[in-house]
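In what follows, a single structure is set out as structure tokens and then discussed.
FYI, it's all coordinate maths here, none of it is from the lab. What you see is a predicted model, and the numbers here were worked out from it, not measured in a lab. Ideal geometry is used to build each Cβ from the backbone, glycine not excepted, and the neighbour counts take in all protein chains shown.
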Amino acid sequence: MTASPHPLRAYRGSLLHFLGDPGDGDAATDVQFIDDGLLVVERGLVKAADSAHALLPTLPAGTPVVDYRGRLLMPGFIDTHIHYPQTDMIAAYAAQLLDWLDDHAFPAERRFADAAHAAEAASFFLDELMRNGTTTALVFGTVHAASVDAFFAQAETRNLRMIAGKVLMDRNCPEYLRDTPNGGARDSAALIDKWDGRGRLHYAITPRFAVTSSEAQLAAAGRLAATHPGVFIHSHLAENQNEVKWVRELFPRARSYLDVYESFGLLRERAVYAHCLHLDDEDRGRMAHSGAAAAVCATSNLFLGSGLFDFATARQAGMRTGLGTDVGGGTSFSMLRTMAETYKVAQMRGHRLTPWRVFYLATLGGAKALGLDDRIGSFAPGREADFVVLRMDSTPLIARRMKTARTPAEKLFALMMLGDDREIGATYILGERVWNTLPSAAQSI
Ligand SMILES: [Zn+2]
């Protein structure tokens, strides 16, 4: 390999990114939308993002400029909750959560004891994320340490910023997927030593949910979290009414489902809980105070009939929130599809999300929920250049609709309601293109 003669590369097109939460009003704040913009990347990091008019004259002669005019460049999508071992049973017909786990999820996860199967599935999964413009995800493995080794190995060869962990699960699940409090903690500690902080990878301590871990196992997870304050914690919380009832029976002394996790030291910054549908005000306040985040998983919640996330009360409490696909309970890898369903879920609760806010939640909001906003999620100088190019014309209907949309907000809204994986024209990781459906159009200035 030879070093590139031009460490700078530039990409011209419409730019969208956020400097902070745009708020709930139509007059959004902290949004940067530049119709004719230029994204300048140097050695994998964002150097500048501004109008082409301002930046083009500052580039040294010979700097390659990729012409994406008519397309939209934005930071890569961030999926704050997904299960890679459930890829093969996405869209499985079932009643609700607890039946779906027994009938579909657990049998699929059994196969990940086989390292070769895990490697092949991880490779497909990561390709699918790239095809959908998702550049960072918080990912469940299975109970098998080999599943996480396989996932991280695949993510490392692709240079991706990914977070994953081995599932802790020692009761109320099939014998073939069971670990023990000590064995699970030992495996997790070894995986942390091996992978956390290596390249762009992070480890997440991953108890599946309170139902499938004994008190001894949750205590061991809490001790692990205390000795590794920088690692993530990733689990499910209050997804389904029957699940909530079961947790009440299993932990009769706990004030609430959330209180179970909190009492074992599992509520803090970088703790991410999927769903958070059936909480009370006290729970929301505790989540906000601790810095833990909710991963809102709209397609999954609709598919499994779990419930509707309450954006208004989460907002009032100051809870951090990101968006998750929750594949395979969720029905799409596409964050655009997920954003559309998120909008509809909020509508059903009488809360209107602006298009700005939804795009924020899928990018910088997700990065903030993960505590990674100093690295990813925006085009601020120094951020890692993980970005996507949205085509704006991926179907005849979208191409036609874009012509009648009058404002950027209208375009974004129609794009998220109508778009899917076909909208992703290109995906870049640290400034390197890893997925492309567009004709090459590089030129030097
Ligand atoms: Zn899940």
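Miscellaneous remarks
- Residue 254-residue 436 pseudo-label distance in nm [points 7 Å out on the Cα-to-Cβ vector]: 5.0
- Rounded tilt (10° steps) of 241-250 against the dominant C-alpha axis of the chain: 40
- Sequence of 17, 275, 53 once ranked by neighbouring C-beta atoms within 10 Å, starting from the fewest: 53, 17, 275
- Ratio Rg/Rh [Cα only; Rh per Kirkwood] for the chain: 0.97
- The C-alpha atoms of the chain define a longest principal axis, and helix 335-348 lies at about 70 degrees to it.
- For the stretch 367-445, the alpha carbon convex hull comes to 150 Å³ per residue, rounded to a whole number.
- The stretch 234-393: radius of gyration and largest Cα-Cα distance (Dmax), Å: 15.9, 56
- Relative contact order for the chain: 20 percent, from Cα pairs under 8 Å spaced at least 6 residues apart, divided by residue count.
- Using C-alpha pairs below 8 Å separated by at least 6 residues, the relative contact order for the stretch 1-61 is 30 percent.
- Neighbour-count ranking [beta-carbon atoms within 10 angstrom, fewest first] of 34, 78: 34, 78
- Spatial offset of the stretch 316-332 relative to the stretch 122-165 amounts to 18 Å, using the alpha carbon center of each.
- Annotation: average projected area of the stretch 55-156 is 9.7 square nanometres, based on the convex hull of Cα atoms across all directions.
- Principal semi-axes in Å for the stretch 178-283 [√(5λ), Cα gyration tensor, largest first]: 24, 15, 11
- Approximating the spin labels as points 7 Å out from Cα along Cα→Cβ, the residue 316-to-residue 24 distance works out to 0.9 nm.
- Ranking of 194, 166 by count of other Cβ atoms within 10 Å, fewest first: 194, 166
- Under-28-angstrom lysine pairs by C-alpha in the chain, whenever the two are 8 or more apart or on separate chains: 12
- Sequence-distant residues sharing a close amide H with residue 136 (under 5 Å, placed H): 79
- Global form of the stretch 306-445, assessed from the alpha-carbon gyration tensor, a/c cut-off 1.5: oblate
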